[in-house]
Amino acid sequence: MELAAEISAYRDGRGDPGRLVGEFRRAVLLAPLADGPDGGLMSAVSGGIRWLYAFTDEEALARFAEARGESGREWPYLAILGARLVDAVVPQVEGPAGVAVNVADEDGSMLFPPVAGIVPDACAVDIADDVEPDARTHGVVA
């Protein structure tokens, strides 16, 4: 099943968090590039977490551009595996970071927060030194 379908199933109460995270990690996502001198990937900070924007396809990215009132410009993006985004990019971000997928889709968006099972343990905000890895859960947020 593709990521958008897994998100839909999860939001409808039929999904499995482990399967959703697995599909997220396998999916090729479109991460728009930020404007400005610093470059990098487009993101926003909310609740003390930097959320990297990612989209399942060009149509989802176009809905995001439209929602921002910026559909008339070119939107360069990086095609990247979800696993690479959380395993290689998130550790480079200063402070907690997660991934916001399809944020302009009211019924199809999903947040993958900086918690164990999604991001590397060193970047997870929910890991205490005394917590066993088997006691962790997947923290996806619809």
> Listed highest first by mean packing, meaning other Cβ atoms within 10 Å per residue, what order do 57-65, 33-41, 3-11 come in?
Replying inline: 3-11, 57-65, 33-41
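Give the calculated FRET efficiency between Glu59 and Asp12 to the nearest 0.05, with a Förster radius of 22 Å applied to their Cβ-Cβ distance.
Values: r = 21 Å, r/R0 = 0.94.
Plugging the Cβ-Cβ distance into 1/(1 + (r/R0)^6) gives 0.60.
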> Asp126 versus Ala88, label points 7 Å from Cα toward the beta carbon: distance in nm?
Replying inline: 2.6 nm
>> Pick from Val93, Val21, Val115 the residue whose mean-square fluctuation is largest in a GNM of the chain, springs joining Cα atoms under 10 Å.
In response: Val93
>> Which residue fluctuates most in the GNM of the chain (Cα springs below 10 Å): Ile127, Ile80, Ile118?
In response: Ile127
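Using only helices, what value at 222 nm comes out for the chain when you add -39,500 (n - 2.57) per DSSP H run of length 4 or more and divide by the total residues, to the nearest 500 deg cm²/dmol? Mind dumping the intermediate values first?
Working: 3 runs with 29 residues, N = 142.
Result for the chain: -6000 deg cm²/dmol, rounded to the nearest 500.
Readers should treat all values here as calculations from the given coordinates under stated rules, not as data from a laboratory. Given the structure is predicted, the values throughout are model-derived calculations rather than measurements. Virtual Cβ from ideal backbone geometry, glycine too; neighbours counted across all protein chains shown.
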